[in-house]
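The values are calculated or read from the model by the stated rules, or taken from the named source; none is laboratory data. This is a predicted model, so every value here is computed, not measured. Every residue, glycine as well, gets a Cβ built from its backbone with ideal geometry; the counts of neighbours run over all protein chains shown.
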Amino acid sequence: MRLALPKGRLLAPTAALLKAAGLDFADYSEATRLYNFTCTSFPGITAKMFQEKDIPVQVAVGNYDLGICGRDWVEELLARYPASRLVKVAELGYGRAGIFVASRSGATAPRSTCRIVSEYPNLAETYAINSRLRGFKVFPVWGAAEVYPPESADYVVLRGDGEDELAAKGLTAVARLLDSSACLIANADAWETRDLSRVLERFNNIRMVVEEKSATNAPAVSVNGKSQWRDDAVWLALPDGHQKEPTVAFLDRCGVRLKGYDLKSDARRPSGEWIDAKVIRPQDMPQQVANGNFDIAITGRDWLTDHLARFPSSPVEMRLDLGFGRVRIVAAMSQDLPVRSVADLKKLIAEGRLSPLRVCSEYVNIADKYLWENRLSPCRLIPTWGASEAFLPDDADLLIENTQTGKTLERQRLGIIDVLFESTACVIGSKNSPQSAIKAERIGKLLEMFRRGLER
């Protein structure tokens with residue numbers, strides 16, 4: 001029996017629930033660096049840890065019998081694929097949140113074509129259709145959706161603890177789409193044909209009080225419903241996550257002062273004398289620059305390459321290579337397979353031992369191009385949302401991933417069979433001309449400050 005368990009926000013309470021249920025998976029804790037676990041109390045039960053969003057998909061396709069994740073991601077999958085082979089077994093009572101449609105507080109009515117940004121594009125589209133919006137566009141993002149209104153979106157669909165949390169982010173709830181908490185799900189075929197009782201009975205009559213941390217990431221700047229962006233200011237996208245620290249250091253070296261963008265602040269809208277900025281995911285930046293929502297952005301060459309692989313005629317281009325955040329984009333496979341090169345892989349495919357070849361990656365477009373250029377077929381591409389190395393060798397054969405030292409891959413007994421390219425942080429911009437001469441001059445000034453910073 002195989003279980004899919006969550007990373008991130010649900011990890012600690014899920015580990016506590018499993019322990020209380022007598023299903024103890026050694027090393028499944030917030031400190032773990034592993035992905036595969038064995039149940040010490042019930043031999044024959046194994047588990048693997050995934051990003052929450054991947055769990056409903058993995059259970060639906062039958063790779064796992066049971067899974068634990070938020071109901072929000074279950075409903076996101078079912079909104080697009082209502083016939084998915086999923087059974088919602090039980091609500092587990094922790095990780096409670098709501099999925100809201102919200103707009104910037106005080107915002108005016110949206111234009112004729114309503115723009116909706118969300119990590120939940122299927123729920124967002126369902127809401128727009130059910131609300132009979134005459135015209136709408138849904139823009140999927142990897143995260144930080146709350147920062148897009150009002151300049152780059154009219155509505156956002158996001159998870160939140162309640163209306164107070166939305167208000168702290170400068171948002172007003174328009175609708176509450178659903179209430180979400182952690183839930184136990186099963187693959188429908190396993191539910192109908194396999195005896196899952198030895199695990200399911202462990203969840204019966206469990207009563208837990210889960211103390212969850214309440215965090216408010218209120219922006220350090222005031223917000224209102226009108227655009228705070230000045231027409232002649234440079235619209236700059238800055239990275240969050242692990243790229244934030246080196247970017248903060250680089251901006252300091254360049255003499256670019258932005259209030260709210262430092263290691264102590266969680267502000268999503270930093271600003272300078274003639275710069276208006278937002279802190280978003282690097283994965284989203286090329287598309288946002290292409291759409292004209294930013295003039296320039298600091299992202300990684302990997303995400304620019306992935307964007308251009310999908311949109312070769314995109315106006316987005318690299319302006320400067322910043323040199324930090326260096327990683328390699330590699331193809332990797334299990335060390336247990338006799339594959340040390342692409343030629344070895346082609347031989348196994350020709351022999352029918354890996355047919356179809358299962359390929360997983362966050363870089364869907366890079367992976368698709370790589371498979372085509374190397375004539376690796378038949379194949380099946382599996383999009384992931386992080387922790388992609390967890391999929392090998394059980395749920396995928398080939399991984400397209402970034403690595404800095406290769407140690408994470410080695411810990412998972414994965415070996416690199418090819419290096420696609422090296423990626424570093426870079427500044428990207430659009431080939432399209434700015435709307436004003438003042439803005440064009442300021443963009444040039446900022447890029448020159450970046451160039452001087454690289455020489456120091």
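Take residues that are over 23 Å from D54 (Cα atoms) and modelled with pLDDT of 95 or more and tell me which of the strands (runs of 3 or more DSSP E) falling wholly in segment 383-440 contain 2 or more. Those strands (runs of 3 or more DSSP E) span 414-423, 425-430.
Evaluating E30 against the criteria (1) more than 21 Å from L392 (Cβ to Cβ); (2) not in a loop (DSSP other than H, G, I, E, B) leaves one unmet condition, (2).
Can you pull out every residue in segment 141-156 that is within 15 Å of the chain's Cα centre (by Cα) and within 16 Å of L177 (Cβ to Cβ)?
Of everything in segment 141-156, those that are within 15 Å of the chain's Cα centre (by Cα) and within 16 Å of L177 (Cβ to Cβ) turn out to be A145, E146.
Restricting segment 79-96 to residues that are of a type in the set (A, V, I, L, M, F, W, C), over 24 Å from the mean Cα position of the chain (by Cα) and in a strand (DSSP E or B) leaves a set whose member that is farthest from L18 (Cα to Cα) is V87.
Residues checked against (1) in contact with a Ser or Thr (Cβ under 6 Å, 6 or more places away or on another chain); (2) buried (at least 20 other Cβ atoms within 10 Å of the Cβ); (3) under 22 Å from L320 (Cβ atoms):
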{"residue": "N374", "(1), (2), (3)": "no, no, no"}
{"residue": "G386", "(1), (2), (3)": "no, no, no"}
{"residue": "P393", "(1), (2), (3)": "yes, no, no"}
{"residue": "D397", "(1), (2), (3)": "no, yes, no"}
{"residue": "E401", "(1), (2), (3)": "yes, yes, no"}
{"residue": "E410", "(1), (2), (3)": "no, no, no"}
{"residue": "F421", "(1), (2), (3)": "no, no, yes"}
{"residue": "N432", "(1), (2), (3)": "no, no, yes"}
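Select from segment 279-295 the residues that are buried (at least 21 other Cβ atoms within 10 Å of the Cβ), under 17 Å from Q435 (Cα atoms) and either within 15 Å of the chain's Cα centre (by Cα) or among the aliphatic types (A, V, I, L, M) (or both) and list them in ascending order. Passing the criteria: only V289. Flag: A107 does not match the condition of being among the aliphatic types (A, V, I, L, M), more than 29 Å from Q288 (Cβ to Cβ) and either at pLDDT below 95 or surrounded by 16 or more Cβ atoms within 10 Å (Cβ to Cβ) (or both).
Of everything in segment 4-55 that is β-branched (V, I, T) and buried (at least 22 other Cβ atoms within 10 Å of the Cβ), the residue that is farthest from R159 (Cα to Cα) is T14.
Meeting the requirement of 1 or more residues that are under 23 Å from I400 (Cβ atoms) and outside the structural domain of A440 (by TED's automatic domain parsing), the helices (runs of 4 or more DSSP H) wholly within segment 248-353 are 342-350. Cβ separations smaller than 7 Å between residues 6+ apart or across chains give the following pairs from segment 180-197 residues that are surrounded by fewer than 19 Cβ atoms within 10 Å (Cβ to Cβ) to residues that are among the β-branched types (V, I, T): A188/V87; W191/V87.
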